[in-house]
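To keep things clear, I will list the structure first and then write my remarks on it.
Every number in this text was worked out from the coordinates using simple rules, so none of it is lab data. Note that the structure is a prediction, hence the values are computed from the model and not measured. A quick note on method: Cβ atoms are made from the backbone with ideal geometry, for glycine too, and the neighbour counts reach across all protein chains shown.
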Amino acid sequence: MALTSETFTYVATLVRQRSAIMLEPGKEYLVESRLLPLAREAGVAGVDDYVRSVRRTSRPQDLELMVEALTTNETSWFRDSTPFTALTADIVPELLASRGALLRLRVWSAACSTGQEPYSIAMTLAEDVRCRGTQVEIVATDLSDQVLGRAKEGLYSQLEVNRGLPAPMLVRHFSREGAGWRISRELRAKISFERHNLLHAPPAGPRFDLVFLRNVLIYFDQPTKQAILRRVQQHMAPDGFLVLGAAETTVGLDDTWERVAISRGSVYRPRQGAR
Ligand SMILES: C[S@@+](CC[C@H](N)C(=O)[O-])C[C@H]1O[C@@H](n2cnc3c(N)ncnc32)[C@H](O)[C@@H]1O
């Protein structure tokens, strides 16, 4: 049976308020398919009944589980490859040129899902000889506790490593554990995983030299994207770099970013004197 419009409106409003993810009319099938496993686990026959019971009890953990179930956590190793090529071909050389030396590199992987993105960044920097003496610190965050739990564990199935991880990287940075592969302790130690909602101020600490904010702005409306881009810039080094997803841009949204063309795409830098 299809969802009632009351259930859909309630869930869409809750998800929008808590994560900014937009669930437009027509996404009823998505809500139904994502919430059905929660309903089954709770021993309730259908999604309408499940949502009614969650509304009645209003337990914070149930509301959070519903929001998390509506996030899309699709990711892979070295996703779209271009940003990782840009890291060694453009970003590290530019930072070295402007600073003379890279003693420290602070990176934020915002919306990191199950960890493939921050670990891909860590592997890329670990294999760059120019970063041998650099203290690399990666802060990886996501709204969803479930994906963060997996990211922190750093244990991936064969099917998961098959999605984009080059064999030499697998050999160098992972060890076999049961039927899966565990990321090395050295790489794991470079990353701190934290729960963070992009609707709030960025993680505390010194400014970021590099921010990966990929494949998440697409879920938000324009004012939300603008507010997030503004906050990110306030927490970035003036000569830092922002990397967005292949389908995302600051152009037409926020002109305080300068688009820098790289071999097969773009990265962004705070426009000097814009803010
Ligand atoms: C499609 S994944 C992108 C993962 C990775 N950045 C990549 O490009 O492969 C989007 C992630 O954004 C997270 N997300 C959605 N809304 C968020 C919010 N308001 N704050 C923080 N993370 C959010 C989701 O939990 C999900 O893991």
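Taking other C-beta atoms within 10 Å as the exposure proxy, Tyr29, Tyr50 rank Tyr29, Tyr50 from fewest upward. Each residue of the stretch 199-212 is assigned a 3J(HN,Hα), and the resulting list reads 7, 10, 4, x, x, 5, x, x, 4, 7, 7, 8, 10, 9 Hz, derived from the Karplus form 6.51 cos²θ - 1.76 cosθ + 1.60 (θ = phi - 60°), x at Gly and Pro.
Let me know the charge dipole size of the chain about its Cα centre in debye, to the nearest 20, where only the beta-carbon of Lys, Arg (+1) and Asp, Glu (-1) is charged. Each step should come with its number before you reach the end.
Working: 35 positive and 32 negative charges, 141 e Å.
Dipole of the chain, to the nearest 20 debye: 680 debye.
Can you list the lysines whose alpha carbon sits under 26 Å from that of Lys225, skipping same-chain ones fewer than 8 residues off? Answer for Lys225, where 26 Å is the Cα cut-off: Lys27, listed by chain and number.
Based solely on its DSSP helices, what 222 nm [θ] is calculated for the chain when runs of n ≥ 4 H residues each add -39,500 (n - 2.57) and the sum is averaged over all residues, nearest 500 deg cm²/dmol? Write out the running numbers ahead of the final one.
On the way: 12 runs with 112 residues, N = 275.
Roughly -11500 deg cm²/dmol at 222 nm, from the helical runs in the chain.
Anyone know which of Val211, Val92, Val171 comes out most mobile in the 10 Å Cα GNM of the chain? It is Val171. With both labels modelled 7 Å from their Cα along Cα-to-Cβ, the Val171 to Arg195 distance reads 4.1 nm. Cβ crowding within 10 Å, taken as a proxy for footprinting-reagent exposure, orders Phe220, Phe8 from fewest neighbours to most as Phe220, Phe8.
Taken along the Cα-to-beta-carbon direction at a fixed 7 Å, the label points for Leu63 and Arg207 span 3.7 nm. Taking Ile121, Ile21, Ile262 as the candidate residues, the one with maximal mean-square fluctuation in a Gaussian network model of the chain, Cα springs under 10 Å, is Ile262.
Separation of the stretch 152-191 from the stretch 53-117 is 17 Å, based on Cα centroids. Extension gain, Asp145 to Asp239: 0.36 nm times the residue separation minus the Cα-Cα distance gives 30.6 nm. Springs join every pair of Cα atoms under 10 Å in this Gaussian network model of the chain, and among Ile218, Ile191, Ile138 the largest mean-square fluctuation is at Ile218.
Evaluate E = 1/(1 + (r/R0)^6) for Thr256 and Ile218, where r is the Cβ-Cβ distance and R0 equals 22 Å; express this FRET efficiency to the nearest 0.05. Could you put the intermediate results ahead of the total?
Details: r = 21 Å, r/R0 = 0.94.
With a Förster radius of 22 Å, E is 0.60.
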